[in-house]
Structure formats: C-alpha cells, structure tokens
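Working notes for the structure below.
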Amino acid sequence: QGISKEVIPPYYSVKEAVFPFIKFPGVDVILGPEMKSTGEVMGVGDTFAEAFVKSQLAASVKLPKSGKVFVSVREEDKTGAVEVARSLVGLGFSVVATRGTAAAIEAAGVAVTVVNKVAEGRPHILDMIKNGEISLIINTVDSRPSVMRDSYSIRHAALQGRVTYYTTLAGARAACIGMQHLAELQVYDVQSLHRRFN
C-alpha cells in the first residue's frame with residue numbers, strides 16, 4: 001500500500017525451501033522436479049553471509065565451525081572445488097576428497113587427504129561419515145544413473161548421520177561465505193526492518 005515505485009531493501013534476504021528428507025527413509029536428497037517442499041524460511045541480514053546463515057539455521061541446516069569436510073565433485077566442478085577447498089582450509093577445516101577431486105585440489109597447493117570411494121575398499125568415506133568424522137559434505141554429481149547410484153550411499157549416510165551437505169558448488173560457496181561470519185549474527189525485529197524503508 002502506498003508504494004508507487006520500486007523499493008530496493010537496504011538489507012539482504014535469502015529464502016530457503018524446507019524438505020523433510022529425514023522423514024522419508026530411502027529417498028535421495030538430490031532435488032528433482034518431483035520434489036515438493038513442506039515450507040519456506042527466510043534469513044534477513046545486513047550482508048549476504050548473514051542472511052544465508054540465518055536461512056540455513058531456520059531450515060535446521062547446521063553450519064559447522066570446525067572439523068573435516070568431504071569434497072567429491074564431477075569433472076566440470078573441479079576448478080570450483082579448489083576455490084571452495086581453499087576457503088575451507090582458510091577457515092580452519094581439514095579437507096578429505098576422493099582421488100580425482102583430491103588431485104585437482106592438491107595440484108593447486110591446497111592441503112587435502114585422499115579418502116577411498118566405497119568401491120575402493122575400507123576405510124572409505126561411508127566409514128568416516130558413520131564414525132562421525134565428517135562435519136560437512138560437498139558432493140556434486142552428473143545426471144548419469146550409474147554415477148547417481150554410486151553417490152547415493154554418501155547422501156544417504158549424510159542424511160542418517162545429520163551431516164550438512166551441499167550438492168552444488170553455488171551452495172558450497174555460499175556456505176563458505178556464511179561460515180566466515182557465523183559469530184556476527186544479529187536479530188532484527190520486523191518493525192526495525194520496516195523503518196529502514198523510510
């Protein structure tokens with residue numbers, strides 16, 4: 001009411017869909033066109049990082065402050081995975097990755113430890129997830145059914161162990177930006193946000 005021109009808010013807002021994957025055992029967390037969210041949440045902040053972190057917290061996604069991060073990405077995402085791994089190491093995390101991803105990360109001079117895929121024998125990544133050794137998972141896959149099946153066990157173990165995971169580099173990058181600012185969160189009431197428009 002009473003708005004006659006475009007209003008650009010002086011703050012950031014990030015909307016996040018909420019999916020109840022944990023309530024449906026066996027479902028794959030890779031989003032497809034058949035998926036329906038059970039709701040949406042929004043984070044608001046003075047920076048994108050603050051708004052993103054709040055959106056994740058509101059969706060019950062816990063961003064870790066320390067620990068080991070597992071990274072395994074498709075071929076076309078390896079350059080971007082290096083950038084993400086560098087950010088994570090800079091935040092104090094240690095990075096473990098499958099051989100192909102680890103080779104790309106190591107070639108860029110970023111510290112990484114190789115972990116076996118399930119088919120490569122034990123100890124493998126599922127063992128680490130089930131043992132509570134992994135605090136964050138970044139796992140991108142292409143759409144080939146064989147590849148989707150191979151990585152399903154990782155996504156399923158992450159869901160069962162309540163380990164935060166991202167299936168896109170965009171999500172992983174946003175998480176890295178957000179984790180840099182976890183200590184800077186502020187609570188805003190709706191009235192103060194509304195006053196900023198005037």
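So the values come out like this:
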read-out: Values of log10 I(q)/I(0), in the order q = 0.19 Å⁻¹, for the stretch 101-143 under a Debye, Cα-only, solvent-free model; value: -0.72
read-out: Cα-Cα separations in the stretch 64-151 greater than 20 Å, expressed as whole percent; value: 30 percent
read-out: Relative contact order %, the stretch 43-142, counting alpha carbon pairs below 8 Å whose residues are six or more apart; value: 29 percent
read-out: All aspartates and glutamates inside 12 Å of Lys54 as judged from Cα atoms, apart from same-chain residues fewer than 8 positions distant; value: Glu16, Asp46, Glu184
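Computed from the coordinates by the stated procedures, all read-outs in this text should not be read as laboratory data. All of these numbers come straight from a predicted model, not from anything done at the bench.
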